[in-house]
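Each remark here refers to the structure printed beneath this line.
The values are calculated or read from the model by the stated rules, or taken from the named source; none is laboratory data. Everything quoted here is computed from the prediction, not taken from an experiment. Ideal geometry is used to build each Cβ from the backbone, glycine not excepted, and the neighbour counts take in all protein chains shown.
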Amino acid sequence: MIYLIDHEDSFTYNLAHLLDSIEPTFVSNYYDINTVKLEKSSTIVLSPGPGEPKDYPKTTKIYKKYKGKKKILGICLGFQQIVYSEGAKITQQKNILHGYQSYIKIINHKSIFKNNSEFLAGRYHSLKMAEPFNSKSMHITMRCKKTNVAMAVEDDINQVYGFQFHPDSFLTPNGKNLIKKIISR
Amino acid sequence: MLNNNEYLNKLYRSDQPLIIYKNSNGFDVYTDFSKKYLINKKNIKNFLNIQTKKKKSNSNSLNCYVGFFGYKLLCENIGIKFPKQKTNNFYNGIFYQPLTKVRIRKNISIQSLKNNFRNIKIDNKKYSVLNKKFDLNLSLQQYSKLFDDFSKNIKQGKTYQIKIAQTYSKKGKVNAVELFWKLMKMNKSPESFLIRDKNYSIISCSPETLILKKKNLIKTKPIAGTLRKTKSLNKNKALSFFRKNEKETKEHNMIVDMERNDLSKICKTGSVKIEKLKRVEEYRDLFHYVSTIKGLIKKNITNHEIISSLMPGGSVIGCPKISTIQLLNNKEKNDRNIYTGSFGVIHSNGDMRFNIMIRTLLNFKNNINLSVASGVILGSTAKKEYNENYIKAKSLLELFH
């Protein structure tokens, strides 16, 4: 079972349908966690949402508790929550991209996805991860083709994955396959 | 005995409460209300799940409830608390159960459960509307200040898009039926309606369908994107404008994903699909950019759950819904009243049709008011959005010329 933590976003249920079509998915609000179900789940997914990681200390706690024990996937705010927990700073980006479609490139041979390939993705973010980002096991694996902003991190040893873009958006035609690859890993 | 046409004309000239709702074939007129339900946050769930599910019947039957939910009620229904706002204490929501339904198509047909329904009296009430301009609650300067504040919120990631509402108002009491038909000659929008009750009336040329539910199929048709009409523009040129315009495209994309989300809450996994993406619809003063999204409702989902996941409609608030409503509530000094609430019909078999109450005029306590809103999105300017609001209000304001 997948446990999807909702940060009161208006895109969470798009993600829930994507996940649920791969594996049964349970959704709850970030302030209303069902600890029994969370414990039983095999994968925890951190949803997109408004604000920034420091607004959601409960989610940071959950991430730290289960990292390395369960598979964790973060989308948009969820991506930022992962890298924030790993010590990264979150800053405002120059161009604010809400409802924007752009090309994303896989730039790291450590990625579980095919290196150097490109795909179109939908983006909803005004904030980004500040760089340089240093981590032993977590790697930046995708970037925006145009601006070079980090778009994905992967830590395949601990099975932690994060996407800054929205695989759940209709603007990401290949979104389901990206998620499928992570869930079936 | 009066023929159908004479009856209808007499009904219009009476003071009997009535509702007119446009549909794709013509208009439906509802009257002879046997019951009136005042809806509030405590009884809304009960009303939707018990009251409106008493009998089995098909959509053509008289067994239905027609009315509206105000904006505040819809927000409270999803657990949002309001600060103190200026209000005229209008109803939170009202639904009527009709005994008589008149279908205006090529011919007029009537269905009634009331004996002698043709017995009505003409009313000689006087109406008066001062020949004065409408007052606007926000100046460009005040609007710009809000615009800047919300732009900051967008940069901080607290909201991705937010819509500022403005209200036009003036004193007077209107002849609602006359005004409604005048409006229908000028601007026959697909979700137009009229409610005339003893102490208030609502006149609308709403273009936006929020819920179309038949059995387990549900559709929503969000609008995001407005272009002022000019002589040189046609539908094709409007389409290419929208396609090339990054701001309109982004705004629309966001609303499509948001409505997909709201439907996904109540629909079967994998059943939510975009039926029509980014079409242009033409109206009297403007072009709109519209999409249609549909899904199949999960088993055991109640009408209250459907209303709670779709309302208040996202396209007129911004995104994400909850945090954006909270930001709006802290800044909007006047309550939105009926504006961005929903009007529609619930059939006793559970089928529903609801719009979003935009381009809608409320006449209550000798006051006529009308609100419009447009989006703060980075890349736009306060002045442009302020002007867009005027275009949206125009066809209703011109009713009084």
A:Gly74: part of a loop (DSSP other than H, G, I, E, B), at pLDDT 95 or above and either farther than 26 Å from A:Pro173 by Cβ or under 15 Å from the mean Cα position of the chain (by Cα) (or both), yes or no?
-> no
Can you name every residue in the stretch A:41-60 that is in contact with a strand residue (DSSP E or B) (Cβ under 8 Å, 6 or more places away or on another chain) and more than 17 Å from A:Lys128 (Cα to Cα)?
-> A:Ser41, A:Ser42, A:Thr43, A:Ile44, A:Val45, A:Thr59
Which one of these does B:Leu296 not meet: (1) surrounded by 24 or more Cβ atoms within 10 Å (Cβ to Cβ); (2) more than 25 Å from B:Lys42 (Cβ to Cβ); (3) within 13 Å of chain A (Cβ to nearest Cβ)?
-> (1)
Output for the stretch A:41-61, where each listed residue is more than 14 Å from chain B (Cβ to nearest Cβ) and either acidic (Asp, Glu) or outside any helix (DSSP H, G or I) (or both) = A:Ser41, A:Ser42, A:Thr43, A:Ile44, A:Val45, A:Leu46
Quick one: in the stretch A:128-171, of everything that is under 16 Å from A:Ser117 (Cβ atoms) and touching a residue at least 60 places away in the same chain (Cβ under 8 Å), which residue is farthest from the other protein chains (Cβ to nearest Cβ)?
-> A:Ala152
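Out of B:Phe117, B:Phe95, B:Phe134, B:Phe82, which single residue is at pLDDT 95 or above and either aromatic (Phe, Trp, Tyr) or under 21 Å from the mean Cα position of the chain (by Cα) (or both)?
B:Phe95 is the lone residue from the list that is at pLDDT 95 or above and either aromatic (Phe, Trp, Tyr) or under 21 Å from the mean Cα position of the chain (by Cα) (or both).
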Could you list, in sequence order, the residues of the stretch B:250-284 that are farther than 12 Å from B:Pro222 by Cβ and within 7 Å of another protein chain (Cβ to nearest Cβ)?
-> B:Lys250, B:Ser264, B:Lys265, B:Thr269, B:Gly270, B:Val272
Out of (1) out of contact with any Ser or Thr (no Cβ under 7 Å at 6 or more places or on another chain); (2) among the basic types (Lys, Arg); (3) surrounded by 17 or more Cβ atoms within 10 Å (Cβ to Cβ), what's the single condition that is false for B:Lys268?
-> (3)
How about the stretch B:274-298: which of its residues are under 29 Å from B:Cys64 (Cα atoms) and free of Cβ contacts under 8 Å to residues at least 40 places away in the same chain?
-> B:Lys298
Which listed residue, of B:Lys126, B:Lys145, is free of Cβ contacts under 8 Å to residues at least 40 places away in the same chain, over 28 Å from B:Phe364 (Cα atoms) and either of a type outside the set (A, V, I, L, M, F, W, C) or exposed (fewer than 13 other Cβ atoms within 10 Å of the Cβ) (or both) | B:Lys145
Test each condition in (1) free of Cβ contacts under 8 Å to residues at least 24 places away in the same chain; (2) farther than 15 Å from A:Leu178 by Cβ for A:Tyr56 and report the one that comes out false.
-> (1)
